[in-house]
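Novice: Handing you a structure now.
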Amino acid sequence: MKPFLLGSRPVGPGQPCLLVAELSANHNGDFERACRIVQAAAEAGADAIKVQTYTAETITLDGEDAAFAIQGTLWDGLRLADLYRKAALPWAWHEPLRDLARTLGLEWFSTPFDESAVDFLEKLEPPCYKTASLEIVDIPLLRHIAATGRPVIVSTGGATREEIMRARAVFAQTPGVLLHCVAAYPAAFEEMRLRTLADMPGAFGWPAGLSDHSPGYVAPVAAVSLGACVVEKHFTLRRADGGPDAAFSLEPEEFAALVRAVRQTEAALGHSGYGPTPSEQKSLAFRPSIWVTRDMEPGERFTLDNIGTYRPNQGLPPVEMDVVLGRRAARRLFRNKPLRREDVA
């Protein structure tokens, strides 16, 4: 699997993890707040800012029966249409937010929830598209996205292996990433199943990442250690400000801590290799070696009574102990001195 370009950033194996701040509904209907979120994401060290593109009318129907009532989530008591009217990012905000993000050095892209959103976003020339977990079964939408030819990031929350395979087939000619995800808000650590990340590249032929709704940043750091090349996390200015997604979003200081932890994890993972690192070279001076433990006369045999292995590393290496034992001293030797090769007859 080769990395691909997402805007100016290579994404994939061997590349720094792409850290995505998800704006989602945390704008709370305030354009200036949305701009401050983009600014804060850049200051916190995000690589990209992601939004969502839909209207209540294109994502659901304005139904009144029980099927449209939300139960068992943070949004209990709301109808789908009411939630999405509250949460939607006005389409008129997309271009100025994109321009702000680019000015700040962030990649900017979106999750479209229907074909009209894709057509709208195409005019803004995003570097890629993201597909939401629940839309992984919307094959007509996925085909419409694939037809743009842009890279895609596919979230897999709740999807079976067969459903992921079906979506992956739609994007057979498209570079992309699969995001492991638990589509619960918030997600419990006990349900994260992060080891799935190690299975996904071999199973589906794309690199893997994480769309995370669990508390804090433990899961993203663990995901990076398992090979995640993209991490997405909801981002807000203050959870206390409220909003549909606030409860499972990170504040700027927390996202900055996530960035530091991920970059430190990447540095610590390094590459596979053996032998001393540059900083370990000095420590090798304190390895054990063979030392004379009492005064010896020329011709005296070496035994465990007069030589032994001790730190530091100034004498023969311990591996030569079996060779030295039973041989004779080539000259007079003194206790607490390293045994050299020329000391052995």
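Novice: How high is the FRET efficiency from residue 165 to residue 310, r the C-beta distance, R0 51 Å, rounded to 0.05?
Specialist: 0.25
Novice: To continue, here is another question. Which number do you get for Rg(Cα) / (2.2 N^0.38 Å) in region 103-183?
Specialist: In units of the 2.2 N^0.38 Å rule of thumb, it is 1.05.
Novice: Could you work out how far the C-alpha centroid of region 229-259 sits from that of region 263-294, in angstrom?
Specialist: So the two Cα centres are separated by 39 Å.
Novice: With the alpha-carbon atoms as the only input, what is the per residue convex hull volume for region 1-89 in Å³?
Specialist: Given the Cα convex hull of region 1-89, per-residue volume reads 154 Å³.
Novice: Write down the accessible area per residue of region 1-144 in Å², having rolled a 1.4 Å probe over the full set of protein chains.
Specialist: For region 1-144, the per-residue accessible area is 44 Å².
Novice: Let me check I've understood the local charge: for residue 166, count other residues with C-beta under 14 angstrom from its C-beta, Lys and Arg +1, Asp and Glu -1. What total comes out?
Specialist: Overall, the nearby charge balance is -1.
Novice: Additional query: With contacts defined as alpha carbon pairs under 8 Å and 6 or more residues apart, what's the relative contact order of the chain in percent?
Specialist: Once divided by the residue count of the chain, the mean separation gives 15 percent.
Novice: Need one number: % antiparallel among DSSP beta bridges in region 204-345, to the nearest 5.
Specialist: So the antiparallel bridges in region 204-345 amount to around 70 percent.
Novice: Tell me the Kirkwood hydrodynamic radius of the chain in angstroms, computed as one over the mean inverse distance between distinct C-alpha pairs.
Specialist: 23.5 Å
Novice: Going through region 1-100, which GluC sites (Glu not before Pro) have at most 11 other Cβ atoms within 10 Å and a DSSP loop state?
Specialist: Hits after loop and neighbour filter: 64.
Novice: Over region 178-232, calculate the relative contact order: mean separation of alpha carbon pairs under 8 Å at least 6 apart, over the residue count, as a percent.
Specialist: Relative contact order for region 178-232 comes out at 42 percent.
Novice: Between residue 253 and residue 15, what length comes free when the chain is fully extended (0.36 nm per residue of separation minus the Cα-Cα distance, one decimal in nm)?
Specialist: Between residue 253 and residue 15, full extension yields an extra 83.2 nm.
Novice: At 222 nm, what helix-only mean residue ellipticity would the chain give, in deg cm²/dmol to the nearest 500, using -39500 (n - 2.57) for each DSSP H run of four or more?
Specialist: After summing the helix terms and dividing by the residues of the chain, the value is -8500 deg cm²/dmol.
Novice: Still on this structure, I have one more. Using a 1.4 Å probe on the protein heavy atoms, what percent of the accessible area of region 1-136 belongs to carbon and sulfur?
Specialist: 53 percent
Novice: Give me the distance in nm between label points sitting 7 Å out from Cα along the Cα-to-Cβ direction at residue 225 and residue 125, one decimal.
Specialist: My value for the distance between the label points is 4.2 nm.
Novice: Note down the net charge around residue 232, summing +1 for each Lys or Arg and -1 for each Asp or Glu among other residues with Cβ under 11 Å from its Cβ.
Specialist: Overall, the nearby charge balance is 0.
Novice: What number, in percent, do you get for the relative contact order of region 212-326 if the mean sequence gap of Cα pairs under 8 Å and at least 6 apart is divided by its residue count?
Specialist: Answer for region 212-326 is 19 percent.
Novice: Sticking with this structure for a sec: Over all alpha-carbon pairs in region 194-345, figure out the percentage whose distance exceeds 22 Å.
Specialist: 63 percent
Novice: Determine how large the accessible area of residue 192 is when every protein chain is in place; take a 1.4 Å probe and give Å² rounded to the nearest 10.
Specialist: 10 Å²
Novice: Taking trypsin sites (Lys or Arg not before Pro) as candidate sites, keep only those in a DSSP loop with at most 16 other Cβ atoms within 10 Å, then name the longest stretch of the chain containing none of them.
Specialist: No qualifying site falls inside 1-122, the longest such stretch.
Novice: State, to one decimal in nm², a quarter of the convex hull surface area for the C-alpha atoms of region 52-204, i.e. the direction-averaged projected area.
Specialist: 10.3 nm²
Novice: Which of the three applies to region 163-273, rounded, prolate or oblate, going by the alpha-carbon gyration tensor with a ≥ b ≥ c and a/c under 1.5 meaning rounded?
Specialist: oblate
Novice: Still on this model: Mind running the shape call on region 302-344? Use the C-alpha gyration tensor, a ≥ b ≥ c as the square roots of the eigenvalues: rounded below 1.5 for a/c, prolate if a/b tops b/c, oblate otherwise.
Specialist: Rounded shape, in that the Cα axes give a/c under 1.5.
Novice: Could you tell me the calculated FRET efficiency between residue 284 and residue 323, based on Cβ-Cβ distance and R0 = 22 angstrom, to the nearest 0.05?
Specialist: E(calc), rounded to 0.05, equals 0.55.
Novice: Within 12 Å, Cβ to Cβ, of residue 183, how many net charges do the neighbouring residues add up to if Lys/Arg are +1 and Asp/Glu are -1?
Specialist: With Lys, Arg at +1 and Asp, Glu at -1, the net is -3.
Novice: Modelling each spin label as a point 7 Å along the Cα-to-Cβ direction, I'd like the residue 336/residue 277 distance in nm, to one decimal.
Specialist: For residue 336 paired with residue 277, the spin-label model returns 3.6 nm.
Novice: Next question. Using amide H atoms built in the peptide plane, which far-off residues or other-chain residues are under 5 Å from residue 107 H to H?
Specialist: Residues meeting the criterion, in which the H sits 1.01 Å from N, are 48, 49.
Novice: Turning to a different aspect of this structure: Per q in 0.13, 0.14 Å⁻¹, report the Debye log10 I(q)/I(0) for region 257-345, using one uniform scatterer on each alpha carbon and no solvent.
Specialist: Debye curve over Cα of region 257-345, log10 I(q)/I(0) at q = 0.13, 0.14 Å⁻¹: -0.53, -0.57.
The values are calculated or read from the model by the stated rules, or taken from the named source; none is laboratory data. The shown structure was predicted, so the numbers you read here are calculated from the model rather than taken from an experiment. Glycine also receives a Cβ, built like all others from the backbone with ideal geometry; neighbour counts cover every protein chain displayed. Keep in mind that these areas ignore ligands, DNA and RNA; they rest on the heavy atoms of the full protein, side chains included. Shrake-Rupley method; radii C 1.70, N 1.55, O 1.52, S 1.80 Å.
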